[in-house]
Amino acid sequence: MIELNKIYNEDCLEGMKRIPDGSVDLLIKDPPYCIGTTSNGKKGSWSDNNLIRPFFDIYFQEIKRVLKYGAEFYINTDWRTYPFLYPIVEKHLNVKNLIVWDYEWIKAGSHYRFSHEFIIYGVNGDGKRRFSASERDVWRIRPINFTSKEKLHNAQKPVELIGKMIKNSSKEGDLILDTFMGSGTTAVCSIDLQRKYIGFEIDEKYYNIALNRISEHQPKLL
Ligand SMILES: C[S@@+](CC[C@H](N)C(=O)[O-])C[C@H]1O[C@@H](n2cnc3c(N)ncnc32)[C@H](O)[C@@H]1O
């Protein structure tokens, strides 16, 4: 069994085995984007992604098992990884939209400057949306500034972004799963929104950063 409101310093594929069938109300998945840079920092190639295909195949089988029928999911990705990820997700779950996260400002980029990422949104099986019918598939939310004292992880997502996913697709008391917890953003948003959470983070440094962030967090209403 697994304890709620806790993060584990563990590979999510191992940790998820302890989550009971059909117990999770919402998945937030913000994995490394695998955008073709190898571990020695050199530019990799598109086909390198094939090496991680078996991981994601097992991952989504497990996700399907732990999600309730009708539970929603959000998967952060970008234009380079989306074509690889989409068929694997679609094999196991029901993809409904591709949300564009519009940064509202510009980042690096050698031709057009980067100012968006993608979020794959969908449902396990089928079910009615829980959010307003006027919600658009473009979300304009500022990323965290690199120089900000709140920046704890290179790929940290703003609380406004993760908070919106949680508010739109769950209710108070629901269980949120984040399998790639990083600096703990999903945990602090879950606390603020009075949801339960389970998280996994494989890197001990980020696990400790997340633990510290959660213990110092002053709950606020989002
Ligand atoms: C994109 S970051 C998540 C950032 C997070 N959303 C935040 O706001 O801080 C992805 C994280 O997944 C972790 N990770 C990579 N492989 C993992 C695995 N198999 N199980 C658990 N965590 C993993 C990495 O160490 C990294 O911190």
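The values are calculated or read from the model by the stated rules, or taken from the named source; none is laboratory data. Note that this is a predicted model, so its numbers are computed, not measured. Reconstructed Cβ throughout: ideal geometry from the backbone, glycine too, with neighbour counts over all protein chains shown.
Within segment 201-213, is there a residue that is at positive phi and either buried (at least 23 other Cβ atoms within 10 Å of the Cβ) or at pLDDT 95 or above (or both)? Even if it seems obvious, please write down each step before you answer.
Just the residues of segment 201-213 that are at positive phi, to begin with: none.
For segment 201-213, residues at positive phi and either buried (at least 23 other Cβ atoms within 10 Å of the Cβ) or at pLDDT 95 or above (or both): absent.
If I filter segment 197-211 for residues that are within 14 Å of the ligand (Cβ to nearest atom), in contact with a Cys (Cβ under 8 Å, 6 or more places away or on another chain), assigned to a strand (DSSP E or B) and not aliphatic (A, V, I, L, M), do I get at least one hit? Step through it out loud before you land on a result.
Restricting attention to segment 197-211, the residues satisfying the condition of being within 14 Å of the ligand (Cβ to nearest atom) are 197-211.
Filter once more, so that each one left must be in contact with a Cys (Cβ under 8 Å, 6 or more places away or on another chain): 200, 202.
Adding the requirement that they be assigned to a strand (DSSP E or B) leaves 200.
Cutting the leftovers down to not aliphatic (A, V, I, L, M) gives us 200.
Yes, there is a match, as at least one residue in segment 197-211 is within 14 Å of the ligand (Cβ to nearest atom), in contact with a Cys (Cβ under 8 Å, 6 or more places away or on another chain), assigned to a strand (DSSP E or B) and not aliphatic (A, V, I, L, M).
Within segment 161-193, how many residues turn out to be touching a Leu at 6+ places or on another chain (Cβ under 9 Å) and either on the phi > 0 side of the Ramachandran plot or free of Cβ contacts under 8 Å to residues at least 24 places away in the same chain (or both)?
Residues that pass the stated criteria total 3.
Would you pick out the residues in segment 53-87 that are within 14 Å of Gly125 (Cβ to Cβ) and not aromatic (Phe, Trp, Tyr)?
Here is the first cut: in segment 53-87, the residues within 14 Å of Gly125 (Cβ to Cβ) are 60, 63-73.
Passing the criteria: Ile63, Lys64, Arg65, Val66, Leu67, Lys68, Gly70, Ala71, Glu72.
Per-residue answers, yes or no, for (1) crowded, with 19+ Cβ neighbours inside 10 Å; (2) modelled with pLDDT under 95; (3) more than 29 Å from Ser190 (Cβ to Cβ):
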site	(1), (2), (3)
Asp21	no, no, no
Pro32	no, yes, no
Gly44	no, yes, yes
Leu93	yes, no, no
Lys107	no, yes, no
Ser115	no, yes, no
Asn124	yes, no, no
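Just need a number here: residues in segment 167-181 that are surrounded by 24 or more Cβ atoms within 10 Å (Cβ to Cβ) and either more than 11 Å from the chain's Cα centre (by Cα) or within 12 Å of the ligand (Cβ to nearest atom) (or both). If you could, list the steps in order and put the result at the bottom.
Taking segment 167-181 as the starting set, the residues that turn out to be surrounded by 24 or more Cβ atoms within 10 Å (Cβ to Cβ) are 176-179, 181.
Remaining after also requiring either more than 11 Å from the chain's Cα centre (by Cα) or within 12 Å of the ligand (Cβ to nearest atom) (or both): 177-179, 181.
Residues flagged as surrounded by 24 or more Cβ atoms within 10 Å (Cβ to Cβ) and either more than 11 Å from the chain's Cα centre (by Cα) or within 12 Å of the ligand (Cβ to nearest atom) (or both) within segment 167-181 amount to 4.
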